[in-house]
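No value in this document is a laboratory result; all are computed from the given coordinates. Predicted, not measured: the structure shown is a model, and the values here were computed from it. Methodologically, a virtual Cβ is constructed for each residue, glycine included, from the backbone with ideal geometry; neighbour enumeration extends over all protein chains shown.
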């Protein structure tokens, strides 16, 4: 028996991808590289801010269309 | 000045009227006062969540931080906050909404049923939220001082009196209505300013390239230890799922699907606003005003010198709206920590609901008054100041809440140890001069997690009934 309560597969993957992206963004080399006047680290943080809500919303709508996660 | 002052006065009066209208409905029951009857729709809740998070820090502070420490440093903080929303949506929104109580303390006291939880958690909330409220009041004070010419202390007193009044009489319903108006105002002013600047100066990439050519430090990773960057990111990522004024908004949603959706929609709106501020307004401001003494003044200087009185008036109203939309939610969460979490059981047994309502109102006034007195001598760089206070909450509450919802092995001993270890290690590191100031969370969170696992293994397991109840929250 699992020691954890069950999490939706999509949510699990979302957490894994976001965590990996964050780890890569905080690697030392992203702070040294300069792109268009700003360090790559800054651009990666901005990307994270744009894509994380977009993917989360897409997932929620996808799930709603599939009729999962319904509430009383 | 007359036009700007008139706009601000109209706005403040509007907030009081909303509070008065809401007061007719909210004193019917505890549900109505604390969570607006749990019938707030998704889009309204999303705007209210965005406004609650987008504080004076998110307008005055975010731009001050970007101006003073560079864009990458600032984005590490706000990317953390944005990541916090999906974490909240995935990890806590559904089970906490299904739990159906009022506060984060309610959940922790249910999950780890020991009297110390009912005392420790609200105390943590009161301390860290008072710091947060002081920072917001500073933002209101310097804005009114710079753009309206009102002395700082008078501006702090006036704004505090208004939001304390409408929160105390209107509860969560007044907060929701005012937050929607305040969120819209903030969005319009920030986006409008950014669009006007882009029309003059080109796309954000062009603006950043031009600004960093003149002031390279704006685009560089500041000379800060990695611990500070990572600390800021993690403080906010871990705070959003457990921070009481956001969690209370989860409880106001009609259902868990609505709670999840509103958190994610709020995140989109918040991202647009922060990126417009940091990647457009700040670089243009840095070119125009390269040597400001107080970095937090950058937005106000831009508005003062580059926009007409009508827009300046709207900008002041927007900053005050940002301050109020967060502070009202913080005040309600703070007063709920005292009158619901700390005194709730006693009050339910010994006084009528009418007297309890009066105590709620009085507590809001006391908390607002204490914060106002502290705000008369404010700290520098408000965003870092309140981030450190919020870090203490993240360190103490994130692990117990998430483990309590997802790990079947979590139990009362582990929960209490986790709260105590997280806060103790956080404070120890925070006040040790040899550690970077915002890195304490990097030690506090792991300490909290280790304590949770170790002490849960040592302590007696939860009853089957409790485990089944938690399991039902996930359905």
Quiz item: Where does the range B:179-238 land on Rg(C-alpha)/(2.2 N^0.38 Å)?
Solution: 1.55
Exercise. Enter the mean projected area of the convex hull around the alpha-carbon atoms of chain B, in nm², rounded to one decimal.
Key: 20.8
Exercise. Assign one of three labels to the range B:336-475, namely rounded, prolate or oblate, based on the Cα gyration tensor with a ≥ b ≥ c the square roots of its eigenvalues; rounded applies when a/c is under 1.5, prolate when it is not and a/b is larger than b/c, and oblate otherwise.
Key: oblate
Quiz item: Does chain A classify as rounded, prolate or oblate by the C-alpha gyration tensor (a ≥ b ≥ c root eigenvalues; a/c under 1.5 gives rounded; else a/b over b/c gives prolate, otherwise oblate)?
Solution: oblate
Practice problem: Calculate the mean, over all residues of peptide B:219-225, of how many other protein chain Cβ atoms lie within 10 angstrom of the residue's Cβ. | Solution: 4
Practice problem: Based on other C-beta atoms within 10 Å, arrange B:366, B:117, B:316 from fewest to most. | Solution: B:366, B:117, B:316
Practice problem: For the range B:270-389, restrict the atom set to alpha-carbon positions and state the Rg and Dmax in Å. | Solution: 19.7, 62
Quiz item: Relative contact order, percent, of chain B when contacts are C-alpha pairs under 8 Å separated by at least 6 residues?
Solution: 31
Exercise. Provide the descending list of Cα extents for the range B:324-397 along its principal axes, expressed in whole angstroms.
Key: 44, 28, 19
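If you wrap the range B:208-256's Cα atoms in a convex hull and average its projection over all directions, what's the area in nm²?
Across all orientations, the range B:208-256 yields a mean hull projection of 5.8 nm².
Could you please tell me the mean projected area of the C-alpha convex hull for the range B:358-429, averaged over all directions and given in square nanometres to one decimal?
7.3
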Practice problem: Could you work out, residue by residue across B:86-92, how many beta carbons of other chains sit within 10 Å of that residue's beta carbon, and then give the average as an integer? | Solution: 5
Self-check item: Residues B:301, B:471, B:356 arranged by fewest to most Cβ contacts within 10 Å
Solution: B:471, B:301, B:356
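Would you please classify the overall shape of the range B:134-199 from the alpha carbon gyration tensor, given that a ≥ b ≥ c denote the square roots of the eigenvalues, rounded means a/c under 1.5, and beyond that prolate means a/b larger than b/c while oblate covers the rest?
Note, shape of the range B:134-199 comes out oblate.
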Exercise. Report, to two decimal places, the Cα Rg of the range B:283-331 normalised by 2.2 N^0.38 Å (N = number of residues).
Key: 1.33
Quiz item: In whole Å, what three semi-axes, largest first, describe the equivalent ellipsoid of the range B:237-338 built from its Cα gyration tensor (square root of 5 times each eigenvalue)?
Solution: 32, 16, 13
Practice problem: Evaluate Rg over Rh across the range B:1-117, taking Cα atoms for both radii and Kirkwood's formula for Rh. | Solution: 1.06
Exercise. Find the eigenvalues of the gyration tensor of the Cα atoms of the protein assembly as shown, then list the square roots of 5 times those eigenvalues as equivalent ellipsoid semi-axes, largest first, in whole angstrom.
Key: 35, 29, 21
Quiz item: By count of other Cβ within 10 Å, fewest leading, how are B:407, B:177 ordered?
Solution: B:407, B:177
Quiz item: What average count of beta carbons from other chains do you get within 10 Å of the Cβ of residues in A:53-64?
Solution: 5
